[in-house]
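Beneath this line is the structure, given in C-alpha cells, with notes to follow.
Nothing in this text is a laboratory measurement; each read-out follows from the coordinates by a stated rule. The shown structure was predicted, so the numbers you read here are calculated from the model rather than taken from an experiment. As a convention, Cβ positions derive from the backbone with ideal geometry for all residues, glycine included, and neighbour counts pool all protein chains shown.
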Amino acid sequence: MLSELRTVTYFEPLDWVVFAGVLLATAAAAFYGSWRLKKRKDKPSALDYLLMGRQLTLPLFVATMVATWYGGIFAVNEITFNYGIFNFVTQGVFWYIAYLIFAFFIAERLVHYSSFTLPDLTNQMFGPKSAKVTAVLVLCYIAPVAYVLSLGMFLHMVFGMTILSGMIWGTLFVCLYSAWGGLRSVVFSDLVQFFVMCSSVAMVVVFSVHGFGGLSFLKANLPASHFTLTGGNSWLGTLIWGFIALSTLIDPSFYQRCFAAKSPRVVKKGILISTVIWFLFDFCTTTGSLYARAVLPQAEPGQAYFFYAIQLLPVGLRGFFVAGILSIILSTLNSFLFIASNTLSFDLLRTQFKNVVVSNRISIFFVGAFSIFLAQFFHGSFKEIWLVLGSYFSACLLAPIILGYVSPNRISDKLFVNSALASAAVMTLWHLLPKNDFIEIIDPFYIGVLTSLIILLVFRKPKHANLSGITDW
C-alpha cells in the first residue's frame, strides 16, 4: 500500500455516484430542516431557530448527539497512530464516565432552567457578568478550529487542493447551509450523517480483520507501547485527558441538545443510548487506525487511516467511506459553527441587534473566518488545539458551574468572574515560566483548576437552601 495518494485517482464511476448520493441526501436533509422552520412561522422566533422550539425527539437527539461528537476524526487517527490504545482511554473511556455523570446527576437538574445556551444558564445561576465571561470562554472553546482543519485536510487528500483553500471553501459551504435553517437544518443533516459515518468506520474493521487477520497481526506489527494504557506518556499526562473529559459536564453542544429536547426523559435516555454507540464507534476508529499504523508505518499520522481505507475497500464502498469521513467532519463542524454563532449573537451581542436570527446568520460566517485563523495559529496540530482550548475552558468553568449545581446560591456573580479570570491568568503565567523538571511535569490545567477551587471554596457564601431563577422545562 502507498503511504500517500490522491484519492480521486482511486475513484471509479460507482464511487462517485455513491459519494454524490450521500452529499445530496445530506443537502436534502438540511433543506428539509429549513423548510420545516419556514413552515412554522414566516419570521421564526429565537426559540424556533436556536432550539427547534424544544421539540427534539429521542431518535433525533441520539443521532445529532453521536454525530456531533466526532468531527476530529483525523485527530483521533493521529493519536492512535502515535500512541495506540491510549486513544481509546483518553478519547473514549474518560468521556464515557463523564457522559454517565451528566445523565444521572445533571440532566434532571436542567429541568429547573429554561435556558437557551450555556452562558444563559450561568446568567440564571450566577448573574450577568458570569454569563459574559462564560460566553467569551465558550466562543474560544467551541470555535470549530480542529474541524475546519479536518475539512481542509479532507479536501486536500481527496481533490489535491491546498489545506488553506480547503478550509476556506469547505467552511463557506457549511456556513451557508447551517445559517439557512437553524438547528433544524443541523439536526436533520446530522441524521443522515449519523448512519453514514457509523457504517463507514465499521466496514473498515470488518475488511481489515478479513484481509490481515486479528489481534495477532497487530501485535506482530506494532510497538508494544501501543497496547499500554498510557502509550508511553506519563500518568499525569494521561490523567489530564480525564479532567478535560469532564468538560462534557459543561460542554455547550451537550447543553444545546439538552435544552432543545422535549423532556428530561429524552435527555437521560438519549445520553445513555448515545454512550453505547460512542463506545462502538471508538472501538472501530481505534482498531482501524491501529491497522493503518501496522500497514502504513511511514505515513503521516493524521492521514494514514484515510489512505489505508481507500486502498483497502472495494469499489462503491470506497466512495461510501469517503462520504462517511466527510459526514464525520461536517456533522461536528456545522453544530459547532451554529453554537459559536449563537454565543456571539445571542449571548454577547443581543443588545446590539434586535433580530437574533439575522445576527446569528451573520455571526456564523465570522466564526468560520475566526476558526480558519486559529487553525493557522496552531500550525495544524490537533493535539495542541484540543489541549490548549480544552484546558482553559475546563479549568475556568468546571468548578464554579458544578458547585453551582451542588450548592445553589453560594457563588456570587462577582466570585464566579474572579475565579474564572484568576484561573486563566495563573494558567497563562505557568505557560510563560522558565521550564524546569517540575513545571514540565505539572500541566497548567491542574494549576488553573486548583486556583479556581481555592477561590470558590474560601469566598463562597454561607449555605442556604433557597433556589432562584428556576422555571419549568
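Modelled label positions at Ala20 and Ile454, each set 7 Å beyond Cα in the direction of Cβ, lie 6.3 nm from each other. With neighbour counts taken as other beta-carbon atoms within 10 Å, the residues Thr90, Thr238 rank, fewest first, as Thr238, Thr90. Approximating the spin labels as points 7 Å out from Cα along Cα→Cβ, the Phe31-to-His210 distance works out to 3.5 nm.
Rounded to a whole number of µm²/s, how large is the Stokes-Einstein D of region 312-462 at 37 °C and 0.692 mPa s, given Rh as the Kirkwood radius over C-alpha pairs? In µm²/s, the coefficient rounds to 176. A DSSP coil position with no more than 10 other Cβ atoms inside 10 Å describes none of the trypsin sites (Lys or Arg not before Pro) in region 49-149. Stokes-Einstein, applied to the Kirkwood radius of region 23-141 over Cα pairs at a viscosity of 1.002 mPa s and 20 °C, places its translational diffusion at 121 µm² s⁻¹.
Spin-label model, Phe104/Thr351: points 7 Å from Cα along the beta carbon direction are separated by 4.3 nm. Here r is the Cβ-Cβ distance between Glu12 and Phe227 and R0 is 35 Å; the resulting FRET efficiency, rounded to 0.05, is 0.40.
Per the Cα gyration tensor, the chain maps to an equivalent ellipsoid with semi-axes of 35, 28, 20 Å, ordered largest to smallest. Pairwise alpha-carbon distances in region 106-156 exceed 17 Å for 51% of all pairs. P(r) tail for region 49-208: Cα pairs beyond 25 Å make up 45% of the total. Relative to the dominant Cα principal axis of the chain, helix 317-342 is inclined by about 20°.
Neighbour counts of other Cβ atoms within 10 Å put His112, His226 in the fewest-to-most order His112, His226. In this structure, the amide hydrogen of Leu56, modeled 1.01 Å from its nitrogen in the peptide plane, lies closer than 5 angstrom to those of Ala261, Lys262, counting only residues at least 5 positions away or on a different chain. Against the chain, whose longest principal axis comes from its Cα atoms, helix 413-432 is set at around 40 degrees. By other beta-carbon atoms within 10 Å, ranking Tyr405, Tyr392 with the fewest at the front produces Tyr405, Tyr392. So how tilted is helix 382-406 from the main axis of the chain? Cα-based, degrees 0 to 90, rounded to 10. Between helix and principal axis, roughly 30 degrees. Using C-alpha pairs under 8 Å with a sequence gap of at least 6, the mean separation divided by the residue count of the chain gives a relative contact order of 32 percent. The count of lysine pairs in region 7-394 that are at least 8 places apart or cross chains, and whose C-alpha atoms lie under 25 Å apart, stands at 10.
Altogether, the Stokes-Einstein calculation at 10 °C and 1.306 mPa s, with the Kirkwood radius of region 133-244 over Cα pairs as Rh, returns a diffusion coefficient of 87 µm²/s.
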